[in-house]
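What follows is a set of notes on a single structure, which appears directly below.
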Amino acid sequence: MSLLEATGIRKAFGGVVALDGCSITVEKGSLTGLIGPNGSGKTTLFNVMTGYETVDMGEVRFGGRRITNVAPDRVFQLGMGRTFQLTRIFPRLTVLENMHVAAQRQGPAGLLGRWSSSKEHARALELLEFVGLTRLKDVPARNLSYGQKKLLEFAYVLVAEPQVILLDEPAGGVNPTMIRYLTERIRALNEQGVTFLMVEHNMEFVMGLCDRVVVMNHGVTIADGEPEAVRSDPRVLEAYLGA
Amino acid sequence: MKALRTASALALLALAVSFPLVFPNPAVDQVAVLTLMFAAAVTAWNAFSGYSGYISIGHAAYFGIGSYAVAILCRDWHVPGGWLPFLLLPLAGLIAVAFAVPMGWVALRTRRHTFVIVTIAMFFIMQLMAYNLRSVTNGSRGMSLPIPVRWGGAFYDVPFYYVALGLLLLALFVSWWIRNSKYGLGLLAIRDDEDRARGLGVRTGPFKLTAFVVAAFFFGMVGGLHAYFVESIFPAFAFDPLIDLMVALMAFLGGLGTLAGPVLGAVILVPAQQYFTIEFGKPGFYLMIYGAMFLAIILLLPQGIIPALQARVRRSEALAGPLRGEGGGPEPTLAGSSVEAGQGESGGDGV
């Protein structure tokens, strides 16, 4: 059984059909890439799987559990984190406060306790060290550079120790040094057992990092396999070149 | 720094507690009572609107509900004037809560400007009900509250003063607690990016509603206290849209989202209102001055007094830093750019 499965997802916005019976599976422990031309439905698929959009038809399963149309906060609590294409951090909170937002606590007692004490703190600092932002922990997050914001968003998703992380264009608008750094971090986490599904247009990044690539076009998956096989698949070339 | 802050807080508390003894003048004490009532209401309002970013211009509805709750309970239970009506205040707060839960649940389905409009609309619906539910509220003829006949002269304001001070301290404690709790961090995250917060496991719906209702609880208690203080209530004054505007203006002036800012706003604006009313002899004149002030605040001090002062302190510390040989040049960071820690003017910092 796959860790994450979407089956026959249909999602239309008015007359525009964004997902038209789309299916995808993500294996536990894998690094799966999701590519496709602009407008092929990749981000909508992310939104559907993480509860940001409701589906018209189809089913999403996570760890064997049905999570179709479950609210985003619940999806995250179940162990699926995501980042956004346009990086979203909390601009007026400090870097450290940003890290603590994602730390999960249940019940009134947990919520009424101070956010800044407890073992979550050690975890937050450890992760800031992991992405190299320790020095900036007390700076309001809006003062970070774009690349630093991407790292922060990546780091705070990790606070809750999700089983699977959906990355929406992690390498978009980021310099090459930073992309190498990010690749390393993702590999290191994957070795610890974290599963990744990522949308990315940077082919070098996807082909170098992922062990499996899924291709979407017009709201359906059209190819699925190892990076090299997908690269030479005629259907993929057709989708990208419009031949 | 921390010791200084604690010391100044204790000094202010001592001043507040001894105020009626130092100034036994009833005219002065009356202004002080009103100031404390508003300070308590703004502090609670700020714990919702300031932290979550949902600006409510309708919480005066719960002030009115609290006013009528105390008036009706005193009438129906034949409560005599004296200390007893004060005991009804928590009950008035709970009655306001009973209204706030469904009203907040509906209003919080909307965001930003729509939310503001919905809260205003709900406020006016409550005001209309006070006019028209004559069997309960006595309509536009209003209601009288019991008069504490044994509190004469200069002593009259004193019990009200200390009850209002108690409400303010309670509101400050609640606001401080929320600001430092995991729950409050969730509210601040909602203010910055609600959808992102949801995607990190923050249960935004219950979070927002709880803060909305806590603010309504305090408005209900303050409304009940105010009704007892002024002895008679009418729909137009118990449900007064100016209360909402005053509350918002005070919070914006002092510093939205800070702990001390709303109190500072109340301490400046309530006496100012009383002064203008006496000085110019026309009850509505202060409104024109308030309008001008509101424009000035938005133009010159958009973050309010407290955050502007904090930023100034931080800037002077940042300038003094290199002279003392601390914090050398910015190190190169991974993404190839550096950040000036000193330039941050976080609006969410508490005092």
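The values are calculated or read from the model by the stated rules, or taken from the named source; none is laboratory data. The structure displayed is predicted, hence computed values, not measured ones. Every residue, glycine as well, gets a Cβ built from its backbone with ideal geometry; the counts of neighbours run over all protein chains shown.
On the given criteria, is A:T32 within 14 Å of chain B (Cβ to nearest Cβ), polar (S, T, N, Q) and under 22 Å from A:E200 (Cα atoms)? When the stated conditions are applied, A:T32 does not pass them.
How about the range B:106-188: which helices (runs of 4 or more DSSP H) wholly inside it have at least 3 residues that are among the aromatic types (F, W, Y)?
Where helices (runs of 4 or more DSSP H) fall fully within the range B:106-188 and carry at least 3 residues being among the aromatic types (F, W, Y), they are B:112-132, B:157-180.
Tally time: how many residues in the range A:95-117 are more than 7 Å from chain B (Cβ to nearest Cβ) and of a type outside the set (A, V, I, L, M)? Quick ask: steps written out before the conclusion?
Our first condition is that a residue be more than 7 Å from chain B (Cβ to nearest Cβ); within the range A:95-117, this holds for A:95-96, A:98-99, A:103, A:106-109, A:116-117.
Checking the rest, the ones that are also of a type outside the set (A, V, I, L, M) come to A:98, A:106-108, A:116-117.
Result for the range A:95-117: 6.
When the range A:118-149 is filtered for residues that are more than 8 Å from every other protein chain (Cβ to nearest Cβ), touching a residue at least 24 places away in the same chain (Cβ under 8 Å) and part of a loop (DSSP other than H, G, I, E, B), the ones remaining, listed by number, are A:L133, A:K137.
For every residue, the table says whether it meets (1) within 11 Å of chain A (Cβ to nearest Cβ); (2) surrounded by fewer than 24 Cβ atoms within 10 Å (Cβ to Cβ); (3) touching a residue at least 24 places away in the same chain (Cβ under 8 Å).
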{"position": "B:S140", "(1), (2), (3)": "no, yes, yes"}
{"position": "B:L145", "(1), (2), (3)": "no, yes, yes"}
{"position": "B:R150", "(1), (2), (3)": "no, yes, yes"}
{"position": "B:Y156", "(1), (2), (3)": "no, yes, yes"}
{"position": "B:F173", "(1), (2), (3)": "no, yes, no"}
{"position": "B:S181", "(1), (2), (3)": "yes, yes, no"}
{"position": "B:G186", "(1), (2), (3)": "yes, no, no"}
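Would you confirm, using the coordinates I've provided, whether A:A71 is surrounded by fewer than 23 Cβ atoms within 10 Å (Cβ to Cβ), within 14 Å of another protein chain (Cβ to nearest Cβ) and not aromatic (F, W, Y)? Walk me through it before giving the result.
Values: surrounded by fewer than 23 Cβ atoms within 10 Å (Cβ to Cβ): yes; within 14 Å of another protein chain (Cβ to nearest Cβ): yes; not aromatic (F, W, Y): yes.
Yes.
Of all residues in the range A:32-61, those being crowded, with 23+ Cβ neighbours inside 10 Å and hydrophobic (A, V, I, L, M, F, W, C) number 6. Looking only at the range B:223-243, residues that are in a helix (DSSP H, G or I) and surrounded by 23 or more Cβ atoms within 10 Å (Cβ to Cβ) come to 9 in all. Checked against (1) out of contact with any helix residue (DSSP H, G or I) (no Cβ under 9 Å at 6 or more places or on another chain); (2) at pLDDT 90 or above, A:E27 passes all but a single condition, namely (2). Of A:A109, A:A103, A:A18, all but one fail to be touching a residue at least 24 places away in the same chain (Cβ under 8 Å) and either part of a helix (DSSP H, G or I) or under 22 Å from B:R179 (Cα atoms) (or both); the exception is A:A103. Out of all the residues in the range A:128-139, is one or more in contact with a helix residue (DSSP H, G or I) (Cβ under 8 Å, 6 or more places away or on another chain), over 17 Å from B:L187 (Cα atoms), among the basic types (K, R) and at pLDDT below 90? Yes, some residue in the range A:128-139 is in contact with a helix residue (DSSP H, G or I) (Cβ under 8 Å, 6 or more places away or on another chain), over 17 Å from B:L187 (Cα atoms), among the basic types (K, R) and at pLDDT below 90. Within the range B:199-215, can one find any residue that is more than 15 Å from the chain's Cα centre (by Cα) and away from chain A (no Cβ under 14 Å)? No, the range B:199-215 contains no residue that is more than 15 Å from the chain's Cα centre (by Cα) and away from chain A (no Cβ under 14 Å).
With respect to the conditions (1) touching a Lys or Arg at 6+ places or on another chain (Cβ under 9 Å); (2) surrounded by fewer than 18 Cβ atoms within 10 Å (Cβ to Cβ); (3) closer than 30 Å to A:Y146 by Cα, A:D20 falls short on a single one, namely (3). Among the criteria (1) in contact (Cβ under 8 Å) with a residue 12 or more places away in the chain; (2) more than 8 Å from chain B (Cβ to nearest Cβ); (3) more than 17 Å from A:M216 (Cβ to Cβ), the one A:Q77 does not fulfil is (2).
One residue alone among B:L165, B:L169, B:L87, B:L128 is at pLDDT 90 or above, within 30 Å of B:L15 (Cβ to Cβ), exposed (fewer than 14 other Cβ atoms within 10 Å of the Cβ) and aliphatic (A, V, I, L, M), and that residue is B:L87. Screening A:Y146 with (1) touching a helix residue (DSSP H, G or I) at 6+ places or on another chain (Cβ under 8 Å); (2) at pLDDT below 90; (3) among the aromatic types (F, W, Y) gives one miss only, at (1).
Identify all residues within the range A:1-45 that are farther than 18 Å from A:V215 by Cα and of a type in the set (A, V, I, L, M); write none if there are none. Within the range A:1-45, A:M1, A:L3, A:A12, A:V16 qualify.
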